[in-house]
Every structure is written in structure tokens, then in C-alpha cells.
Amino acid sequence: MVLKHFVWILGAALVLQSCSGEATVEDNDASEDLPKTENTAGQELYTENCAQCHGNDGQLGASGASDLSASTLDDAELTKVITEGRNAMPGMGPILGKKKSINAVVDYVKELRK
């Protein structure tokens, strides 16, 4: 019985960790497929916090994530969604912190558009 509970708790912990949005470049198998950019700060923050669901190219769509390459949101709308979240996406404002970091991600997301 104890083993059954342990396995259930371990499974739940793994699911929660995989949805935490704290992926690193090492966790992302397609890290070499990142788009070329001069916005390295935005790219790094995106890779660490967004690529797990949106993919390196913005088109992954895991867990219902929007296709960022087809996004038509303007800067203000992107900032709001990134900061506060939308639908299943959690707000990244507390994680990204500074407005400069959020703006770097906004600029990088715009680079992913087709």
C-alpha cells in the first residue's frame, strides 16, 4: 500500500514538474533549431520559460498553446498575455520580473512570426 502511494506521488510530482515552465536549453532536444536572433536575452528567456509548450519555433502547440508564428497580437496584447497569462497559460510576470525581460520576450515572440 505504501509503495502504491509512493508511485502515485512520484507520478504526480513528475507531471507537475513537466508543466512548471522551467525548462532549460538542455531539456529541449531541438535547442540547435532555435531561430537566429540578435535578441539573445529574449531567446534565452523564451527557451527557459516558453519553448516547452510553444516550441523553439513557436509552433509546437503543446497543452493547447497558441501558434506564436501565426500570432497577430500587438506589443500591448503580447505584454498582457505574457505577464498575466491566458487560458491554460500561467502568467509569466512573476517569473520574468523586470519589464526589460518581458519586453525582450515580446520582441523575440514577434521574431517567430512567419
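Here is how the numbers come out for the structure above:
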read-out	value
Candidate set from segment 75-89 (those that are of a type in the set (A, V, I, L, M, F, W, C) and farther than 10 Å from Ile102 by Cα); member that is nearest to the chain's Cα centre (by Cα)	Met89
Condition broken by Ser63, with the remaining ones in (1) in a helix (DSSP H, G or I); (2) crowded, with 18+ Cβ neighbours inside 10 Å satisfied	(2)
Condition met for Ala12 (in a helix (DSSP H, G or I), within 14 Å of Glu111 (Cα to Cα) and either of a type in the set (A, V, I, L, M) or at pLDDT below 95 (or both))	no
Tabulated pairs, segment 96-114, first under 17 Å from Gly58 (Cα atoms), second surrounded by 18 or more Cβ atoms within 10 Å (Cβ to Cβ) and among the aromatic types (Phe, Trp, Tyr), C-beta under 8 angstrom, 6+ apart or interchain	Val105/Tyr46; Tyr108/Tyr46; Val109/Tyr46
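The values are calculated or read from the model by the stated rules, or taken from the named source; none is laboratory data. It should be emphasised that the depicted structure is a prediction, and the values quoted were computed from it without experimental measurement. All Cβ positions, even for glycine, are placed from backbone atoms using ideal geometry, and neighbour counts span all protein chains on display.
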